[in-house]
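Student: Sharing a structure with you now.
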Amino acid sequence: MTAHNHSHSAPGTGGGNRTRLVLAIGIIAVGLVAQFTGTVLSGSLALLADAGHMFSDLAGLVIALIATIIAAKPATDRRTYGYQRAEVLAAMVNGVVLTGVALYVSLEAIGRLISAETEPVSSVPMLVVALVGGLANLAALLVLGAGAGDSINMRGAYLEVLGDLLGSAAVIVAALVILFTGFSAADSIASLLIAVMIVPRAFSLLRDVFAVLFESVPAGTDIDQVRNHMLDLPGVIGVHDVHMWQITHGSVVFTAHVVVAEPTAASCASGQLLDQLVDCLHEHFDVAHSTFQIEPADHADHEKARHR
């Protein structure tokens, strides 16, 4: 017997988030052109690193936009949960790109510092372009902020732009140091700092992606607590074969076998117990879709395999 919310649309796939992504793409694209131009004029590795990071932001935002469009497609008989996982795959691509940018910038910066190589850096163009890039990132961050909690895809896009904003701040500081002290190594140090800031965000994003792909229980949810809530309902004497996972971030699915006392048969037939189970999981654990197999106490003897 099943009971569920009949809407299978993924959170975060609405038109509002698509509009936010389109606006952010336009803003970041303008900032990227300015940063690449500034890299050529200034010779700054830090600015190149920030431009590379901004390019990964732009690619990530385009991927995120495509993913929201795909994820909004309705479910079919072949794909009964629809295309919601497209957002998770997009977030994985973003995480991999971020990791690649961090590795490249780290190796280049460390190489320059070890060899004591001091490339000539024009601090004024570097500073001006870093300020333009920082403003572009801030504007994109404000646009994306309202949808950052809707899906893992939108969160990934938001984190990328947030990291790039911090990177722009590092470039600005490095440009000021070079301008007033002539300490050119500040450029390489800022590049390394940008890479260090990228890594935790990439790791966090990839960790969340793999948690979804491996169908882990949502973070912060205790299965024993879920089971105990169900056992508190009148007539429920056992709960087993419990499974809880996410189709995408915020879209939690739950299945379980619920053992009931014989007098509860009438409430099962009327749907009363199912309503109580659904309400319990939705209110306390934010479950979007739940499926229950209601069975009498002696039914477990007939099951070939039984899970916790």
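The values are calculated or read from the model by the stated rules, or taken from the named source; none is laboratory data. Values in this document were obtained by computation on a predicted structure and should not be read as measured data. Cβ: placed from backbone, ideal geometry, glycine included. Neighbour counts: every protein chain shown. SASA here: full protein model, heavy atoms, side chains in, ligands and nucleic acids out. Shrake-Rupley method; radii C 1.70, N 1.55, O 1.52, S 1.80 Å.
Student: Residues with beta-carbon under 13 Å from that of M54, excluding M54: net charge, scoring Lys, Arg +1 and Asp, Glu -1? Provide the component values of the computation, followed by the final result.
Tutor: Values: positive: none; negative: D50, D57, E160, D164.
With Lys, Arg at +1 and Asp, Glu at -1, the neighbours total -4.
Student: Collect residues whose amide H, placed 1.01 Å from N in the peptide plane, falls under 5 Å from the amide H of Q84; neighbours closer than 5 in sequence don't count.
Tutor: Here nothing satisfies the definition.
Student: Before I look further, what does the chain give for accessible area per residue, probe 1.4 Å, in whole square angstrom?
Tutor: Details: 14380 Å² over 308 residues.
Per-residue value: 47 Å².
Student: Give the calculated FRET efficiency between E283 and A75 to the nearest 0.05, with a Förster radius of 30 Å applied to their Cβ-Cβ distance.
Tutor: Efficiency, rounded to the nearest 0.05: 0.75.
Student: Moving on to the next point. Roughly how many percent of the accessible protein surface of segment 17-78 is carbon and sulfur, given a 1.4 Å probe and a whole-percent answer? Spell out each step's value before the answer.
Tutor: Numbers: 2000 of 2670 Å².
Answer for segment 17-78: carbon and sulfur cover 75 percent of the accessible area.
Student: Putting +1 on Lys and Arg Cβ atoms and -1 on Asp and Glu Cβ atoms, find which of G82, V128, G100 reaches farthest to the positive end of the dipole of the chain.
Tutor: Going by the Cα projections, it comes out as V128.
Student: Here's a follow-up. Please report the antiparallel percentage of DSSP beta bridges with both residues in the chain, rounded to the nearest 5.
Tutor: Roughly 55 percent of the DSSP beta bridges within the chain come out antiparallel.
Student: Same structure, new question: Would you work out the relative contact order for the chain, in percent, from Cα pairs under 8 angstrom that are 6 or more residues apart?
Tutor: Numbers: 509 pairs, mean separation 70.3, N = 308.
RCO, the chain: 23 percent.
Student: I want the local charge near I247. Using Cβ-Cβ distances under 12 Å, sum +1 for each Lys or Arg and -1 for each Asp or Glu among the other residues.
Tutor: Working: positive: R79, R85; negative: E87, E215.
Taking every other residue near I247 into account, the sum is 0.
Student: Please give the peptides 80-91, 280-291 ranked by average Cβ packing (other Cβ atoms within 10 Å per residue), highest first, as a rough proxy for protection.
Tutor: Working: 80-91: 22.4, 280-291: 17.7.
Sorting 80-91, 280-291 by mean packing, highest first, produces 80-91, 280-291.
Student: Rounded to the nearest 10 Å², what accessible area does I63 show when all protein chains are kept and the probe is 1.4 Å?
Tutor: Roughly 50 Å² of I63 is accessible to a 1.4 Å probe.
Student: Also: Note the listed values (i) 19.5, 56; (ii) 21.5, 69; (iii) 25.5, 85, then indicate which one is Rg and Dmax of the Cα atoms in Å calculated from this particular structure.
Tutor: Among (i) 19.5, 56; (ii) 21.5, 69; (iii) 25.5, 85, the one derived from this structure is (iii).
Student: Would you mind classifying segment 135-204 by shape? Square roots of the alpha carbon gyration tensor eigenvalues, ordered a ≥ b ≥ c; an a/c under 1.5 is rounded, otherwise it is prolate if a/b is larger than b/c and oblate if not.
Tutor: Details: a/c = 6.02, a/b = 2.05, b/c = 2.93.
The shape class here is oblate.
Student: OK, next. Hey, rough spin-label estimate for L113 and A219, points 7 angstrom out along Cα→Cβ, what's it come to in nanometres?
Tutor: So the label points at L113 and A219 sit 2.8 nm apart.
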